[in-house]
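Worksheet for the structure shown next.
The values are calculated or read from the model by the stated rules, or taken from the named source; none is laboratory data. Remember, it's a predicted structure, so these values are computed and weren't measured experimentally. Neighbour counts run over all protein chains shown; Cβ positions are idealised from the backbone, glycine included. With ligands, DNA and RNA removed, areas are computed over all heavy atoms of the protein, side chains included. Shrake-Rupley method; radii C 1.70, N 1.55, O 1.52, S 1.80 Å.
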Amino acid sequence: MTKQISFTKRNFRKFLLLGVLPIIFAGCQTMALYDFEGLKAPKVIIPPDVKTIGFVDRNLSFDLDTLSKYYKVNNMSVKDSVDYSEIRAINCHLGLNENLSAYFELDSVSYTRLPENHVVGDRHYDPMSWDRVDSICESNGSDILICLEDLQISNEYEIIEGEENWGITDVKYFAVWRIYDPLSQKFHDVRMIADSLFTETSSYSYTKLIEEKMPKRTEINAEVAYNIGRDYADLISPKWISFTRKYFIAGHQDFSLASYYLNNDSVDQAIEMWKKHVDSEDKKLAGRACYNMALAYELKEEYQEASSWVRRAIKKYREIDKEPKEFKYVKEYYKELIGRTQNNYLLDKFFGKEKTE
């Protein structure tokens, strides 16, 4: 099964500057790598004024759900009379709640499981009425509802006998989510997530393999449901990721000193060294200096300033008669910086940062 991950609260806007590693180009040390961490914006933006979130298990059942009462062992269908729907709902909520708490200032995400509603005919998911959403929010004190419209988990076992016996568990699942916002009467997200995973284990004892080592249906439903809740929390929460940037350390002795400052978290002092050369008559040196300035302002999270400097770098390189090979790194960085700028815009929306003129 997928390994569970624990998160801790962090200062979202803080970059962790981790250090410098050299990279060798064409036999000489021209550039170095700078590694740091930054926040990646969530795919689904929850309004920043939301203070309380409720989880709702819609508890829908369909005629087709009778198929989930069966599982397979070496292609033989076996009936299972246990109803796992409540186990799925509880653990899905647990996965969502435990991982949302790392990013939202929530004591907990309230849990509501609606009475079972059997739907006749094809599988479909008409949204709840806004009156019902208002009623649930009033009862549990939630600003918005993250609703598990449906969750289905099925599995097959394959057992391969031999001197060492192998057991393979193949799991398939799909979940349907919808986020209801009663204040604006809109859905912040509607999506179906489908995936599969498998585990394998072995034992020289056939009995031990079956009775102890292969996951039971209860375990499968509980852990997979937890992972589904956790993964959805990741979609609506920022997360820390690692970035690696190349920058120039050759061309002038000031660049070596700037690298020392950068490696000791003194970005402003590195800027002072690079800025001396941004108007150099040596176009390559000027281009390198402008490029490094762009990186420095990215680290300071001043993305407009960073974009301005990388544009200046591109202009300097284009003034060189024969385009140097290193120019490709400048152009690649320009694209990366566009992505960071867009990401920052989404982070501002998530944190509710007001725009200033």
Checklist entry - Can you pull out the residues in the stretch 89-109 that are more than 20 Å from K239 (Cα to Cα) and open to solvent by 20 Å² or more (accessible area, probe 1.4 Å)? => result I90, N91
Checklist entry - If you go through the stretch 174-192 one residue at a time, do you hit one that is over 32 Å from the mean Cα position of the chain (by Cα), open to solvent by 80 Å² or more (accessible area, probe 1.4 Å) and farther than 21 Å from S85 by Cβ? => result no
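Considering only the stretch 193-210, state which residues are open to solvent by 40 Å² or more (accessible area, probe 1.4 Å) and among the hydroxyl-bearing types (S, T, Y).
Of all residues in the stretch 193-210, those open to solvent by 40 Å² or more (accessible area, probe 1.4 Å) come to 193-196, 198, 200, 204-208, 210.
Those that are open to solvent by 40 Å² or more (accessible area, probe 1.4 Å) and among the hydroxyl-bearing types (S, T, Y): S196, Y204, S205, Y206, T207.
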Checklist outcome for this item: Counting only residues in the stretch 327-346 that are within 22 Å of D282 (Cα to Cα) and open to solvent by less than 20 Å² (accessible area, probe 1.4 Å), the one farthest from the chain's Cα centre (by Cα) is identified as F327
Next on the checklist: Given the condition surrounded by 17 or more Cβ atoms within 10 Å (Cβ to Cβ) and more than 30 Å from M76 (Cβ to Cβ), answer yes or no: does some residue in the stretch 149-166 qualify?
Outcome noted: yes
Item to check | Unmet requirement for K349, which otherwise passes all of (1) within 23 Å of the chain's Cα centre (by Cα); (2) at pLDDT 95 or above | outcome: (2)
Next on the checklist: Among the numbered criteria (1) at pLDDT below 95; (2) surrounded by 16 or more Cβ atoms within 10 Å (Cβ to Cβ), which one does W274 miss?
Outcome noted: (1)
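Test of understanding: among L299, L257, L209, L285, which residue is over 30 Å from D83 (Cβ atoms) and in contact with a Gly (Cβ under 7 Å, 6 or more places away or on another chain)? Write out each step before concluding.
On the way: L299 fails: in contact with a Gly (Cβ under 7 Å, 6 or more places away or on another chain); L257 fails: in contact with a Gly (Cβ under 7 Å, 6 or more places away or on another chain); L209 fails: over 30 Å from D83 (Cβ atoms).
The unique qualifying residue is L285.
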Next on the checklist: Going residue by residue through the stretch 232-249, is there one that turns out to be farther than 30 Å from E336 by Cα and of a type in the set (D, E)?
Outcome noted: no
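Looking at the stretch 129-148 only, could you name the residues that are surrounded by fewer than 19 Cβ atoms within 10 Å (Cβ to Cβ) and in contact (Cβ under 8 Å) with a residue 24 or more places away in the chain? Talk me through it step by step, then tell me what you get.
Within the stretch 129-148, the subset surrounded by fewer than 19 Cβ atoms within 10 Å (Cβ to Cβ) is 129-132, 134-135, 138-141, 143.
W130, D134, S139, N140, G141, D143, listed by residue number.
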Checklist entry - Any idea which residue in the stretch 213-268 is most open to solvent (accessible area, probe 1.4 Å), counting only those that are of a type in the set (A, V, I, L, M) and farther than 29 Å from I146 by Cα? => result L257
